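Asks: One structure coming up, written as structure tokens, with questions to follow.
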Amino acid sequence: MSADEGVDRLVRVADPGGLGGLGDLGGVKRDLLEGIMSGSEPDRVVEVPRRRLRVRRFAGVVTAAAVLMSVVPASMVLRGQAEGGGVSPIPTVDAGVVYAPLAMAAAERNPRLLIDRAGWKVTDLSGFAEEQGMIRFRRGGRELEMNWYSASVYAYRYSDRLADGPAKSVRVDGWPGELFQNLNGDFTVLLRPRDDVFVEMSTSGSWSRADLDRILADIVRVDVRTWLAALPAEMVMPVRERAVRVLVGVPLPPGFDGASLDGIGVSDSYQFGVGVTSRVGCGWIAEWQRARASGDEAAVRRAADALRGSHGWRVLRDLDGAGDWAEVFWEYADEVAAGTVRAGYVQALGCR
């Protein structure tokens, strides 16, 4: 399959908003092919059906947010009756699925813990391209968040948790740790460092100690491909394939390098949209500054038009209301389009 055919296929699969094919996309095919794929043939697409997304804000302006979907795919292994009966969320593994290299590398680095009990859903994912990360599970009104960090900060986190009271010993799939409970009744479990990382688990919602003990008994450590198979497929597909879908209708700044997207890594749809639009917006602001400095009025107008038009980008409209990102982006984009730029845009938009 040629690179051109691959992009056609990707855009047909995405077709956000029912645009009905490339004929109505006004040059998007060319921009995506030249700016993102950089002449290379796309890898195999991990295809998933459309799902209704629900997002929520999390910490910071440039935030990770939720993709609320079950970790139970169509193909599953059966488990004995547990809470509510049913099937296990641990999926069977398709060895033929192609995962993004960054996804594989991140999965090898992190602890790869899953809740092997029916009804628990992955709602948030972040930080998988870094030395720390987070995955959050939810069932009903209860949440369990797992954060992993470098072993170098374990002593600090342990000392901090001692403020909640004395530690009690627990084990998670044979992994020793300590349990703490704060004055609000929330539990924290610190698993001791192993393979240069440790895990901090935190509860929110209505939990009893018995509830927690049952869930801790159902947490298992799995291999790389099993862990990746439990995540929504779009999160672990090669970044540039994902970007083709996100960037439909988004004009790319001159010289935009698709390789700049590779660092986004494994993330939920909100955080991925933030990462992609950050790079595009920063590119257009840099082009606007270059054009202003060189007296290229035509290029100034093109950059201003692109930034002004960001209010119509589907990716930002989808993110709006889920967190602060779209509003912050539009604030700075509108200022530049009107002829001014604040120095704070670099930090606010995550420009590098």
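Asks: Looking only at the range 159-170, which residues are touching a helix residue (DSSP H, G or I) at 6+ places or on another chain (Cβ under 8 Å) and touching a residue at least 24 places away in the same chain (Cβ under 8 Å)?
Replies: Step one: filter the range 159-170 for residues touching a helix residue (DSSP H, G or I) at 6+ places or on another chain (Cβ under 8 Å), giving 167, 170.
Val170 - this is the single residue of the range 159-170 that is touching a helix residue (DSSP H, G or I) at 6+ places or on another chain (Cβ under 8 Å) and touching a residue at least 24 places away in the same chain (Cβ under 8 Å).
Asks: Now a separate question. Determine which member of the set Ala74, Ala118, Ala95 is modelled with pLDDT of 80 or more and more than 22 Å from Val274 (Cβ to Cβ).
Replies: Of the residues listed, the single one that is modelled with pLDDT of 80 or more and more than 22 Å from Val274 (Cβ to Cβ) is Ala118.
Asks: Please go through the range 137-151 and give me each residue that is in a strand (DSSP E or B) and under 14 Å from Val199 (Cβ atoms), ordered by number.
Replies: Phe137, Leu144, Glu145, Met146, Asn147, Trp148, Tyr149, Ser150
Asks: While we're looking at this one, here's another question. How many residues does the range 174-212 hold that are within 17 Å of Asn110 (Cβ to Cβ) and not acidic (Asp, Glu)?
Replies: 13
Asks: Taking the range 104-118 as the region of interest, how many residues are out of contact with any Leu (no Cβ under 9 Å at 6 or more places or on another chain), over 20 Å from Pro176 (Cα atoms) and open to solvent by 40 Å² or more (accessible area, probe 1.4 Å)?
Replies: 1
Asks: Looking at Val336, Val280, can you tell me which residue is within 16 Å of Arg245 (Cα to Cα) and among the aliphatic types (A, V, I, L, M)?
Replies: Every option except Val280 fails the conditions.
Asks: Of all helices (runs of 4 or more DSSP H) completely enclosed by the range 225-308, which ones contain at least 3 residues that are β-branched (Val, Ile, Thr) and at pLDDT below 95? Steps first, please.
Replies: Values: elements: 239-246, 269-294, 297-308.
The qualifying helices (runs of 4 or more DSSP H) are 239-246.
Asks: In the range 196-207, what residues are of a type in the set (Ser, Thr, Tyr) and modelled with pLDDT of 95 or more?
Replies: Correct list: Ser202, Thr203.
Asks: Output the number of residues of the range 332-352 satisfying the condition of being surrounded by 15 or more Cβ atoms within 10 Å (Cβ to Cβ) and free of Cβ contacts under 8 Å to residues at least 24 places away in the same chain.
Replies: Matching residues across the range 332-352 total 1.
The values are calculated or read from the model by the stated rules, or taken from the named source; none is laboratory data. Quick caveat: nothing in here was measured; it's all calculated off a predicted structure. Neighbour counts run over all protein chains shown; Cβ positions are idealised from the backbone, glycine included. For the accessible areas, the whole protein counts, side chains as well, though only heavy atoms, and no ligand, DNA or RNA atoms are used. Shrake-Rupley method; radii C 1.70, N 1.55, O 1.52, S 1.80 Å.
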